[in-house]
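This report refers to the structure that appears directly beneath it.
The values are calculated or read from the model by the stated rules, or taken from the named source; none is laboratory data. Quick caveat: nothing in here was measured; it's all calculated off a predicted structure. All Cβ positions, even for glycine, are placed from backbone atoms using ideal geometry, and neighbour counts span all protein chains on display. Accessible surface areas use protein heavy atoms only, side chains included; no ligands, DNA or RNA. Shrake-Rupley method; radii C 1.70, N 1.55, O 1.52, S 1.80 Å.
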Amino acid sequence: MHAKISIGMTIAVLAATAAFAQTATKYGEEAGWEILVKDDMGPGCLVTKSNPDGATQVQMGIDARQAPKGYMAIYTKSDAKVKAGDKLTVTFEVDGQEFSGQATGQQIGEYRGAYVWVNNPDFIYDLAKKKSLRITVPGRDPLVMNLTGTDAAFKKLRECQAAQS
């Protein structure tokens with residue numbers, strides 16, 4: 001079963017934590033995730049986590065500039081084979097349920113990757129209740145992320161977002 005993720009056309013200024021430290025404020029840390037506030041997103045909050053070697057980073061957050069919507073982003077220091085503005089078809093498998101959408105390539109500093117808009121911010125919050133996230137772009141190795149134990153980080157994300165209102 002595939003569900004379509006609505007994609008916004010607005011280009012967001014997202015990047016790996018090291019690359020946008022100047023535009024985000026640290027709200028806290030929880031369960032291995034860093035929670036940040038991005039003033040230029042409403043303000044909106046995000047959680048970010050790097051793999052142990054620091055070469056790949058995943059971000060999930062809320063853009064509250066208008067009606068809140070969520071986004072997910074993946075960045076790597078490796079050759080992501082994507083250029084800023086490239087459109088990529090992506091599949092997200094969350095505990096066996098598939099979602100598809102279009103991601104937009106982005107490069108900031110030494111990080112390259114892509115982000116995708118999600119029309120329902122609850123999709124981001126609900127990931128805390130899931131066990132695994134697999135992101136696949138045709139022709140590339142999938143990224144698999146263990147979501148077990150992220151509930152505390154996502155509670156902190158929700159707390160952060162409520163504090164911005």
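Checked against (1) open to solvent by less than 30 Å² (accessible area, probe 1.4 Å); (2) in a helix (DSSP H, G or I), Lys155 meets all criteria but (1).
The set of residues in region 110-137 that are within 19 Å of Asn51 (Cα to Cα), of a type outside the set (Lys, Arg) and open to solvent by 60 Å² or more (accessible area, probe 1.4 Å) contains only Glu110.
Criterion applied to Gln102, Gln106 was being open to solvent by less than 40 Å² (accessible area, probe 1.4 Å), farther than 18 Å from Asn51 by Cα and either among the acidic types (Asp, Glu) or out of contact with any helix residue (DSSP H, G or I) (no Cβ under 9 Å at 6 or more places or on another chain) (or both), and the one residue passing it is Gln106. Are any of the residues in region 85-96 in a loop (DSSP other than H, G, I, E, B), at pLDDT 85 or above and closer than 15 Å to Phe123 by Cβ? Yes, the conditions are met somewhere in region 85-96.
Are any residues in region 78-95 surrounded by fewer than 18 Cβ atoms within 10 Å (Cβ to Cβ) and under 26 Å from Glu30 (Cα atoms), and if so, which ones? Within region 78-95, Glu93, Asp95 meet the criteria. Checking each residue in region 14-56 for being modelled with pLDDT under 50 and either closer than 26 Å to Gly149 by Cβ or exposed (fewer than 12 other Cβ atoms within 10 Å of the Cβ) (or both) picks out Leu14, Ala15, Ala16, Thr17, Ala18, Phe20, Ala21, Gln22.
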